[in-house]
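Student: Please read through the structure below; I'll follow up with questions.
The values are calculated or read from the model by the stated rules, or taken from the named source; none is laboratory data. In this text the structure is predicted, and so the values were computed from the model without any measurement. Note: ideal-geometry Cβ built from the backbone for every residue, glycine included; neighbour counts use all protein chains shown. Only protein heavy atoms, including side chains, enter the accessible area calculation; ligands, DNA and RNA are left aside. Shrake-Rupley method; radii C 1.70, N 1.55, O 1.52, S 1.80 Å.
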Amino acid sequence: MGRPGIKMTPLRFVFVSDTHGDEIDTEVRDVFFEWLADFKPDVRIHGGDAFDMRCFRKKASDEEQRDGLAADIEAGCDFMRKLKPTHWLRGNHDERLWDVISSDDKQLSGYCGMLADQITESVGKKCNTLPYDKRRGVLKLGATSFVHGYNAGIYAARQAALVYGDVVMGHIHRVDSHPIPGLDKRNGRSAGCLCKLGMTYNRAALGTLSQDHGWGFGVVNPHG
């Protein structure tokens, strides 16, 4: 039964994640935007890692540390302007920039603050941006939760469902679904990625062979 006075209008949503700035696969990106123009979702969620920020990676190589941010920021902002997200769930790669802003390096912090302003402009003032945080970084639409993702491995979708219930996630660059038996609907889904599948930093990791391109979409009842 519906609530009195509330119109139960389903919302069409798209969840796209892990585009990774200048590491995006441009052919997949073009296919995605062609599809998006036809689907016309009410809710547009970027699930995180819109930027790669590889120079800030803890185990960044000398080459990565020398790599400039300009191309990464430009590509990520360009994608956001075309997507026009209603929500952005910052991922662990995105959050590296905000971590530097909060650091004691005042000169680098100021520079990164200007980059953050540029990113905010590309995302749009009406976009609801959530930090990379296991509590505060959860978007709830009706009975479905959306997160960037806080665990990895082959059971990542299952672990997310155990924590968040019915959930859509990114982070692992893999298309997967893991329903949890029970009276309440709980299904962990990972939506794949739009970035290149052959990232340099994980070229020797066999587990990444399960990665695939993709995005999530569907219909949710905003009132549960």
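Student: Quick one: is residue 124 touching a helix residue (DSSP H, G or I) at 6+ places or on another chain (Cβ under 9 Å) and surrounded by 15 or more Cβ atoms within 10 Å (Cβ to Cβ)?
Tutor: When the stated conditions are applied, residue 124 passes them.
Student: Output the number of residues of region 193-221 satisfying the condition of being in contact (Cβ under 8 Å) with a residue 40 or more places away in the chain, within 14 Å of residue 173 (Cα to Cα), open to solvent by less than 30 Å² (accessible area, probe 1.4 Å) and in contact with a strand residue (DSSP E or B) (Cβ under 8 Å, 6 or more places away or on another chain).
Tutor: 4
Student: Sticking with this structure for a sec: Could you grab the pairs with beta carbons closer than 8 Å, sequence gap of 6+ or different chains, first residue in region 131-146 and surrounded by fewer than 20 Cβ atoms within 10 Å (Cβ to Cβ), second one of a type in the set (S, T, N, Q)?
Tutor: 138/145; 142/221; 143/221
Student: Would it be correct to say that residue 153 is of a type in the set (Gly, Ala, Ser), at positive phi, touching a Gly at 6+ places or on another chain (Cβ under 6 Å) and part of a loop (DSSP other than H, G, I, E, B)?
Tutor: no
Student: Please tell me if residue 44 is modelled with pLDDT of 95 or more and either in a loop (DSSP other than H, G, I, E, B) or more than 15 Å from the chain's Cα centre (by Cα) (or both).
Tutor: no
Student: Would you call residue 178 within 24 Å of residue 130 (Cα to Cα) and touching a helix residue (DSSP H, G or I) at 6+ places or on another chain (Cβ under 8 Å)?
Tutor: So residue 178 does not fit the description; no.
Student: Looking at region 116-131, which of its residues are assigned to a helix (DSSP H, G or I) and closer than 23 Å to residue 171 by Cα?
Tutor: Once the filter is applied, which keeps residues that are assigned to a helix (DSSP H, G or I) and closer than 23 Å to residue 171 by Cα, region 116-131 yields 116, 119, 120, 122, 123.
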